[in-house]
Every structure is written in C-alpha cells, then in structure tokens.
Amino acid sequence: MRWVCSVKRPWLPVVLAVLATAGPVRAEPVFRLHIETDARSTTVAANRLQSWLERAGCQVELNFNEDAGSDLAFRLDSEGERPVLAAVNRDGRYPVPVWVTRKTAGVRSIAELAGRDVSLVDSEDALGRDLPLQALSRHGVHPTPGQRYEAGDFSSALGLLLHNNTHAAASELGLVRPMLESQGLAITWQGEPVPGAGWYRPATANNNPLAKHCTDALLSLRRDHDRQIFRIFPEWVYRFAAPESIAEKETRP
C-alpha cells in the first residue's frame, strides 16, 4: 500500500506572492580602481588600500595591470588627458628627474660622467631611467651596458652610489632632497617637472555614486600614513592632489 503524507501550508501562497513582486535584489555599489604598477607583489598593499578606502565609505574593487573596466585608473602617462587626481612628490609638486653625485667626487656637470658608471631604475616610470639617459645623451655621454647598473627602485639606485659602486644615480628631486646634506650628495643635473602620473577616469566609466567618497579618500592618503600602501606606486609618489592646486614651477635646490 502506498502512503501519501500531505501537510497544509497556509502561509506558502503569501510568501510566493511577496517574492514575485519584490523584484531582483540590488547589489551595493562598488567603485572599481585599476592600478598600473611595477610591484612584484600587490597583496599586502591592496588589502591595506582597500581597508583605507572602505573606512572612508568607498566600497572598492581593485584590479592590477589588466583593466577590465574601471571607474578610476592609475597610470604614469597622461596620453593627452587631464587626470582627476595627479600624483605629486614630497614637495607637493610634479616630480623632477635629477642626477645625483657625491660631493667628494667633484663632478661639476653631467658631461663629466663620460666613461663612468651610473645607476638607474628599471621601471616603466621614465623618471628613473629614460629621462636621465636622455639628459646624458644631450651632453654627449653614452654609458655602455657595462656602465649602467639598473636597480629595482630609487633607494637601491641611490644605495649603489652611496656604497661607491657607481659615480652617479638617477633620482627624483622631492625624494632625494632630504638626503642631500646628511649623505653628502649634490644635484649635478635637474630636469623639468614631469606631469602625467595620476588617477584618470576612463571614457567608458559610468557616473558611479561612490565617486566623491573615493576621490576624497584618495586625496586624504599620504605616504607617511601608510608606506605599505604606496609600494604599488612609484617611490617618489607622496600623495595625490587636484591638478589645479599644483604649482608647476620648481625651484632649484
């Protein structure tokens, strides 16, 4: 004999009716940040940056190097566009490429670096390699591959100079200025300010309601707040600023 158990559920039609009329559940808005970086590891910095932004009311999704669609993207080159927020150095200005030598070396100009070893930064950031090499070339100096030491960052390039492995190091003015007197260094060549690095709004970005929360949070972020976060940005980046607030003319040290 086959038994059938039937249980009455008088509440079931009501629940089904509510679900049918409620519509789809709306997800919380997320602000998508894309960051171009030379950093080999991004995990720690990404976690800390995400926590910083979310405490400021910016629910964020981070993506590195392959932009699959973002609301704001950090890159080094302006590509003819104006950034929403520009990256600035310790002095609150656009970065300035420099060649640094030891005062005791007696190098009066970069033309005197002909035939000498120099240290550069192996990076997509032109400040650490391309611009300093172009400056040498304009003065008739063309270091051979054996005379070029390429370090992973500005600190390592400067370390090669301080340990007498090279005669000059490529650096950035705001980054190296506090060390000039204490380390017995001299600026042998100083270039022009280089605008371009910063946060850009892609043409495909929508009007995200979190935009102001997120840009305000990025404006409040400085390297001395959390150095771990800034490992994903070039070493000279100290904070971010509205482009109209930046004084472009740089004074000589």
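Observations on the structure shown:
- Charge dipole of the chain about the Cα centre (unit charges at C-beta), most positive-ward option of Ile246, Pro193, Ile229: Ile229
- Taking the 1.4 Å solvent-accessible surface of the chain as the whole, the part contributed by carbon and sulfur is 50%.
- Surface exposure of the chain, expressed per residue as accessible area with a 1.4 Å probe, stands at 57 Å².
- Per-residue ellipticity at 222 nm computed for the chain from its helices equals -6000 deg cm²/dmol, with DSSP H segments shorter than 4 residues left out and the rest contributing -39,500 (n - 2.57).
- Between the helical axis of 43-55 and the longest alpha-carbon principal axis of the chain there is an angle of about 60 degrees.
- Extended-chain gain in nm, criterion 0.36 nm per residue less alpha-carbon gap, Ala205 and Glu28: 62.0 nm
- Cα gyration tensor shape of region 111-253, rounded if a/c is under 1.5, else prolate or oblate by comparing a/b with b/c: prolate
- If only the Cβ of Lys and Arg carry +1 and only the Cβ of Asp and Glu carry -1, the dipole of region 117-253 around its Cα centre is close to 220 debye.
- Antiparallel bridges, percent of DSSP beta bridges restricted to the chain (to nearest 5): 55 percent
- Enclosed volume per residue, in Å³, of the convex hull spanned by Cα atoms of the chain: 207 Å³
- The length gained by stretching the chain between Thr104 and Asp67 to full extension, at 0.36 nm per residue less their Cα-Cα distance, is 8.6 nm.
- Summarising the strand pairing of region 97-190, around 60 percent of its internal DSSP beta bridges are antiparallel.
- Charge dipole magnitude, Cβ of K and R +1, D and E -1 - the chain, Cα centre, debye nearest 20: 840 debye
- Distance from the Cα centroid of region 35-101 to that of region 107-171 is 26 Å (rounded to whole angstrom).
- If you look at the Cα atoms of region 97-190, you get an Rg and a Dmax of 11.5, 32 Å.
The values are calculated or read from the model by the stated rules, or taken from the named source; none is laboratory data. As the structure is a prediction and not an experimental result, all values here were calculated from the model. Every residue, glycine among them, receives a Cβ derived from its backbone with ideal geometry; neighbour counts consider all protein chains shown. In case anyone asks, the SASA skips ligands and DNA or RNA and just uses the protein heavy atoms, side chains included. Shrake-Rupley method; radii C 1.70, N 1.55, O 1.52, S 1.80 Å.
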